[in-house]
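Take a look at the structure below.
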Amino acid sequence: MATTVHNFKVVLLGKGCVGKTSIVLRYAEDKFNNDHLSTIQASFLNKKLNIDGKRVNLAIWDTAGQEQFHALGPLYYRSSNGAIIVYDITDEDSLVKVKSWVKELRKMLGSDVSLVIVGNKTDLEKDRHVNLEEAETYASKVGALHWQTSAKRNEGIEEMFLTLIDKMLQREREIEDLQVTRQGSNHRKNVVVVDDEQVENQTKSCCGSNT
Amino acid sequence: MTSYDEDIQQNVFHQYFIENHPDLLQKVLQENWILCVPRSQSITDPVTTQDIFDHVLISNSELGEIKTLSGATIHLENNQLDSVRVLFKESVYLKGYKYLVYCIEHPLNLRNSECDRTNLEIHTFKDCVDFLCRETTGGTEILTKLTEICERFLEANENILYYTLGELRISVRELYDDCVLVTFCMNNLKSRCLRDFSLRNKIKLSVESIMENSLNGNVFKAVCTTTSRADAEFNKTVRNLQGMQLKDFCRTSVKCMYAIGNARCILGKLNSHMTILGKISCLKNTFELFSNNSESNLTSEDLLQLFAFLIIKLNINNWIANLVYLQEFSVSANFNSETNFLITTLEAAIEFIKSRSIFEMSCNLEVDNDLLNMIRVGDLDGVAGIFDGRKMRGGHQLCHPLCACDECEAAFNLKDSKARNCLHLACIYGHPHIVEFLLHKNVVDINEIDYSNSKPIHYAASFGHQNALLLLMHNGGDIDSPNDDGDSPLLLAAENGHENCVKALLFYAELKNTPIDVNRRNSSGDTALHLASNWGFLGIVNTLLQYHIDATIKNKRNQIALDLAHNFYVKDILLNSQKYEKIEDAKIVREKNANTKNLDHFKKTDLLLKAIENNDLQLCCFYLGIANPLVQTTTVNYCHPLCNCESCTELTPETQTRKQLVNINSTNCDGLTALHVAARFGRKEILRILLDSRADVNMVTHKSRYTPLHLACHQQRSSIVLELIQCGSCKIDATDSRGNTPLHSACSKNDPKIVNLLITQGGADIRIKNSEGKTALQIAKDKNLLKVMETIQKHDHINSDLVYSFET
Ligand SMILES: Nc1nc2c(ncn2[C@@H]2O[C@H](COP(=O)(O)OP(=O)(O)O)[C@@H](O)[C@H]2O)c(=O)[nH]1
Ligand SMILES: [Mg+2]
């Protein structure tokens, strides 16, 4: 019998130049690979993982960070299961931007989306302009994880993704439980035989949904 | 598009490795080696230890080479290990350790020819056909079946072009379910699909593609109809960005310069694909082309901008329809996430074009001169200052205000790099007060040409600045001269969707008796009608036809305007215009001195009907001479009943008394009345007003003899049905040319709600038989419409009792 695949869509957000693209590129890398991985890897990355027997399929979407593209954000982040909101530890303003993204995401996607706030460029510790404690307090206040990375030195990135996956799996279970208790026994009744799509969509989040 | 997937944990090769080589697993974990796992169906013989050794990869980063554990050197390039394709990579986490698995097409030690790799993934329409035939009976039986279902669907939905998006989505969804059902019945597919998700996904995608192909583009055409307005609006935006150069998208352009040409060819074929799969492969190929041709990684920003550029430059006139089709009609919904990313990028590019930000990019034309710059930003005081003899910043001072010496002349007769003078620029940027000032000062020649032989009036028309255009016309601007491309102001305004300018040009010419060649053709042989039809500018097409543009002119590719129209409404108008012509011819034969009153009447009626269709309550009331209940005051003007432009206020004396232009019961050439149209399109407010104004509810169309009630039932508009029934004088049992009553129609549409309304509220007679001798109930029975049957039978019971008691 086929094991279920957990399909997660993860989107990277944050001010321009904080290192979103660099983080994706780092994560896409594997040391065997010295040519182009797939076709559009810098903007989009598909990653399959198997975590202690659980199959996870990550679709990672990088977004355009410049101000002129800000309005297009919702097109990219809609129906995401997770969002990585990046700031640059040497740039105070980038944390301000993080806060406005968090607000927007919570408003548009509610609590179903798992958030991780990432302070990037830890290799530039000497130029730090963002207070770590302040960032961490803020993150826990809004129910987000906080993580520090350096895309340059490849530090913390894989761990950050793993924690996020963990959180998304947990969130998925909570949502399922909720649905089961809410719908109770009559859940099975309305299942149409022809196409098991509907059943599937309820139990599995689908990053591919168009709506 | 599907990508190959399997559960590595279930793969025999992988299981053998885990179970029999725990020590090697430790080593792999520690050393970051890679395990290659052949796809499960490619493994034929029992796995041996030697096989495992052949499939563990060790990288020597110093030498930059890869070896297997058994010592063979292997080459990794473009996702190929030597000649074996890597299907996917998976990171396996085990008790805190991690190793990487490459799932490969077939074992590394197997030669190509020995392995069957049919239909691993589905990429093209041909893949779909092959796959489905192979998985069902092996023959083409399934194709015949699916095609039949689709043909029946098209017959049953002959009005598909009138469907709303919602109706369309539901009916396509139902059709798709039918198709899947039929397919699942064959060769035990259903239970096999339950066991195998990836088989199921491939079946669904194949069924969908074959279905779309059999529908012959009809659904897509219907989508085009629903989005025609949005498309026309978007086309207008795009038309007006034609000045943009690749270099405006600075960073990216350098990267992909050489790919742009090819990308235009590939993406330009978007509309030749009828299946969603085909359209998506178009997108995908475009993206692949870009990424293969760029030296560094393409980011989301890059893709977005490259795409926006292509959209602006391609001759595709229904982007919105394509987007909606891709997003809402991929019923099998199993595109991989990469495909979703591609579609989102297309959507983002369209949104980006619609937004102001791209517009600002395009306005950043280089102007390095004080005066020209002031004109650009519309600084009248600054401009006036210069011409009134005050000092130019850091520049030349006029000898005296009216001086015309060479030096002074040169100072304000400046031109930019394309030889455009102040007036050209004021028209480009659309500052009427500056145009007026320049004309008043009489310092520039109103008909001066630049390097492309364009006069200021060309720019005013092309950029849609009606005020500037009017000023130029009133001051002797040349209204009908061609530029280097053969475009006159009229052609430019029509191509760029500026209805107000088209009207201004035509009205002015008519009013002043200035000759204007409506049928002028540009260097491609296109008339204004060709251009407006191509981009879906309905209003302009209408206006041009009113001015008797010749719709039979062919362009250099031998197309008439109708051939270029992609949008139902435009096609409809053009087709109707041909009808008028025929009527006109007939008239002329009959009575030599025929007045065109009747023709005129048809045209006016059509305008009324169009207004209803567009749900334009005000316009509708205007035509009918009814006081609009919602709006208290409307000024009646010349160029368009609702227009407020300068010329109109100038041209028309104020008329406050309402004049009826069209009789409320007048019909168009098909016999449609206003009420018919309001019923068909569900325009409830308008319908009420019509009923209140005593429109005849029982008029029938010429050919099919439909009443408004028939149409309301056809379109399943229950609230309209109710309105009509309640108006009192409606004949509930009117029969159409095939003997069907509204009740028959509602039954065949499977609408129990309306059936119930007709019977309970309207007292419809359920015993009436149509020309095939069928009652409504029999129709429902034939189609197995249980709900409807139930509804009728509920009342049949009572009725039949009555009948019997009456007869006995
Ligand atoms: N020192 C340092 N520089 C970084 C790091 N991550 C990214 N950068 C640099 O920051 C700049 C912007 O990075 P990019 O990934 O394009 O940012 P994006 O606009 O958020 O996608 C580039 O010059 C990167 O080389 C990091 O961890 N440390
Ligand atoms: Mg970036």
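Computed from the coordinates by the stated procedures, all read-outs in this text should not be read as laboratory data. What you see is a predicted model, and the numbers here were worked out from it, not measured in a lab. Reconstructed Cβ throughout: ideal geometry from the backbone, glycine too, with neighbour counts over all protein chains shown.
For the reader, a short list of remarks on this structure follows.
- Using every pair of separate Cα atoms, the Kirkwood estimate puts the hydrodynamic radius of the stretch B:134-189 at 12.4 angstrom.
- Spin-label model distance (nm) - B:K749 vs B:Q80, 7 Å beyond Cα toward Cβ: 5.8 nm
- Calculated on alpha-carbon atoms, Rg and Dmax of the stretch B:1-157 in Å: 20.3, 69
- Put simply, the amide H of A:G14, placed in the peptide plane, has neighbours under 5 Å in A:V86, leaving out anything fewer than 5 places away on its chain.
- What you get for the stretch B:83-223, charging only the Cβ of Lys and Arg (+1) and of Asp and Glu (-1), is a dipole of about 820 debye around the Cα centre.
- Note on B:R152 and B:Q10: with the Förster distance fixed at 51 Å, the Cβ-Cβ geometry gives a FRET efficiency of about 0.75.
- Inter-chain Cβ neighbour average for residues A:71-84, partner chain, 10 Å: 3
- Rounded to the nearest angstrom and listed largest first, the equivalent-ellipsoid semi-axes of the stretch B:462-518 from its Cα gyration tensor are 15, 13, 11.
- With a simple spin-label model that places each label point 7 Å from the Cα along the Cα-to-Cβ direction, the separation between B:K145 and A:E174 comes to 4.6 nm.
- Förster-model FRET efficiency, 25 Å R0, B:Q660 and B:D572, C-beta, rounded to 0.05: 0.45
- Extension gain, B:N373 back to B:D692 (0.36 nm per residue minus Cα-Cα distance, nm): 109.0 nm
- Cβ-derived FRET efficiency at R0 30 Å, A:K54 paired with B:Q26, nearest 0.05: 0.85
- Taking 29 Å as the limit for the C-alpha separation, the pairs B:K67/B:K204; B:K769/B:K794; B:K731/B:K787; B:K603/B:K703 exceed it in the case of B:K67/B:K204.
- Between the alpha-carbon centres of the stretch B:713-780 and the stretch A:45-91 there is a gap of 54 Å.
- Distances between placed amide hydrogens fall under 5 Å for B:L87 paired with B:C103, B:I104, B:E105, all partners being 5 or more residues away or on another chain.
- Label zone at B:L110, where the point sits 7 Å out along the Cα-to-Cβ direction: the stretch B:11-37 residues whose backbone N lies under 20 Å: B:11-18, B:35-37
- Note on B:E19 and B:L199: their simple-model spin labels are 2.3 nm apart, each label 7 Å out from Cα toward Cβ.
- Relative contact order [Cα under 8 Å, 6+ residues apart], the stretch A:64-179, whole percent: 25 percent
- Relative contact order of the stretch B:698-758: 36 percent, from C-alpha pairs under 8 Å at least 6 residues apart in sequence.
- Relative contact order (%) - criterion: Cα under 8 Å, at least six apart; region: the stretch B:204-321: 44 percent
- Cα pair distances of the stretch B:657-808 binned at 10 Å [whole percent]: 12, 40, 31, 13, 4, 1, 0
- Near B:R239: Cβ cut-off under 15 Å, other residues only, Lys/Arg at +1 and Asp/Glu at -1. The net charge is -4.
- Extents of the stretch A:50-185, taken as max minus min of Cα coordinates on every principal axis and listed largest first, are 59, 36, 26 Å.
- Taking a sphere under 12 Å around the Cβ of B:T68 and counting the other residues whose Cβ falls inside, with K and R at +1 and D and E at -1, yields a net charge of -3.
- Between the amide H of A:T90 and those of A:H129, distances stay under 5 Å, these residues lying 5 or more places away or on another chain, with hydrogens modeled in the peptide plane.
- Positive-end residue, the stretch B:658-796 charge dipole about Cα centroid, Cβ charges, pick of B:A746, B:T701, B:L757: B:T701
- Set B:K354/B:K455; B:K279/B:K684; B:K221/B:K284; A:K99/B:K202; A:K167/B:K89 screened for pairs whose C-alpha atoms are more than 31 Å apart: B:K279/B:K684; A:K99/B:K202
- Net charge, B:L687 excluded, C-beta distance under 10 Å - Lys, Arg +1, Asp, Glu -1: +1
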